[in-house]
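Undergrad: What follows is a structure written as structure tokens; I'll ask about it next.
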Amino acid sequence: MNIALILSGGSGKRLGADIPKQYIIAGGRMLITECLGRVVSHPGIDRVQIVAHEEWHETILDDFMESYADGIIEDKIAGFSKPGDTRQLSILNGMKDIAAYADPEDVLLIHDAARPLISSDQISACLKACEEHDGAMPVLPMKDTVYASVDGKTISELLDRKRIYAGQAPEAFRFGKYLSANETLLPDKILQINGSTEPAVMGGMDIAMIPGDENNFKITTAKDLERYESICASWSK
């Protein structure tokens, strides 16, 4: 079984909106609704667990059902999980709930609601890579010259950009191994985690890199939202 965990518990303060960015309406529906529609409709996804604050649960379901009343498989949505104090703790909360219906060999696909342009091909590539690996992460090559700085003020060294990659979402992992890798980091080390794949690498899991998608950007700033709205507008032309 392949289970998607959609993270929608953040506050999105950098965007400067009155509500969390994932609930902003653009292109006729909330960002999370666009994301959910793409994930739920993928034939390889069997269940979807959503991390979100309780006050948004009804809104999420209502907007989803209204936007996809044409037959999308809404019963794939397994339920909601409580957000944690950090992104990784939110993931752990979601996994604890998923453990009630998942097997260790199932694949967990982790994605952010604020990345609504996830493609079917990207989901398929993640799931495919997990057939031969413990997990998979989409990456983009670095286009600019990359430097390191020890003090944050002066250049310490030039890095080989051919060996540097920017990670994206979604990330996919064998559920049992990934859950164990996260639990090993409790209670303190998990608070230092910034990316979903970090616990997997620290836990010795075999993680494949697959080509990323520049269109699958995360909406963080007002300019990101403008870019997204422009893309949505192009669909109706």
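Undergrad: Which pairs have Cβ atoms under 7 Å, sit 6 or more apart or on different chains, and link a residue in region 211-237 that is more than 13 Å from E34 (Cβ to Cβ) and buried (at least 16 other Cβ atoms within 10 Å of the Cβ) to one that is at pLDDT 90 or above and among the small types (G, A, S)?
TA: D213/S119
Undergrad: Same structure again: Out of the strands (runs of 3 or more DSSP E) lying entirely within region 68-149, which hold 1 or more residues that are small (G, A, S)?
TA: By residue number, 77-81, 135-141, 146-148.
Undergrad: Follow-up. So how many residues does region 202-237 have that are in a helix (DSSP H, G or I) and not β-branched (V, I, T)?
TA: Residues that pass the stated criteria total 14.
Undergrad: Of all residues in region 177-204 being among the β-branched types (V, I, T) and without any contact (Cβ under 8 Å) to a residue 24 or more places away in the chain, which is surrounded by the most Cβ atoms within 10 Å (Cβ to Cβ)? I'd like the intermediate steps shown before the answer.
TA: Step one: list which residues in region 177-204 are among the β-branched types (V, I, T), which gives 184, 190, 193, 197, 201.
Then drop every residue that is not without any contact (Cβ under 8 Å) to a residue 24 or more places away in the chain, which leaves 184, 201.
On the way: T184: 12, V201: 14.
Per the stated criteria, the residue is V201.
Undergrad: Which ones in region 135-176 are surrounded by fewer than 21 Cβ atoms within 10 Å (Cβ to Cβ), touching a residue at least 24 places away in the same chain (Cβ under 8 Å) and under 17 Å from P211 (Cα atoms)?
TA: The answer is V139, L140, P141, M142, Y165, A166, G167.
Undergrad: Give the number of residues within region 167-187 that are small (G, A, S) and over 17 Å from K128 (Cβ atoms).
TA: 4
Undergrad: Checking the condition surrounded by fewer than 17 Cβ atoms within 10 Å (Cβ to Cβ), modelled with pLDDT under 95 and more than 27 Å from T221 (Cα to Cα), which residue from E132, E105, E74 passes? It would help to see each step written out before you state the result.
TA: Values: E132 fails: modelled with pLDDT under 95; E105 fails: modelled with pLDDT under 95.
The unique qualifying residue is E74.
Undergrad: State all residues of region 18-42 that are part of a loop (DSSP other than H, G, I, E, B) and at pLDDT below 95; if no residue qualifies, say none.
TA: D18, I19, P20, I24, G27, G28, S41
Undergrad: On to the next question. Test each condition in (1) surrounded by 13 or more Cβ atoms within 10 Å (Cβ to Cβ); (2) closer than 22 Å to S41 by Cα for D121 and report the one that comes out false.
TA: With respect to (1) surrounded by 13 or more Cβ atoms within 10 Å (Cβ to Cβ); (2) closer than 22 Å to S41 by Cα, D121 is out only on (1).
Undergrad: For region 189-201, state whether one or more residues are within 19 Å of L109 (Cβ to Cβ), touching a Gly at 6+ places or on another chain (Cβ under 6 Å), assigned to a strand (DSSP E or B) and not charged (D, E, K, R).
TA: no
The values are calculated or read from the model by the stated rules, or taken from the named source; none is laboratory data. On a predicted model such as this, the values are computed, not experimentally measured, just so you know. Virtual Cβ from ideal backbone geometry, glycine too; neighbours counted across all protein chains shown.
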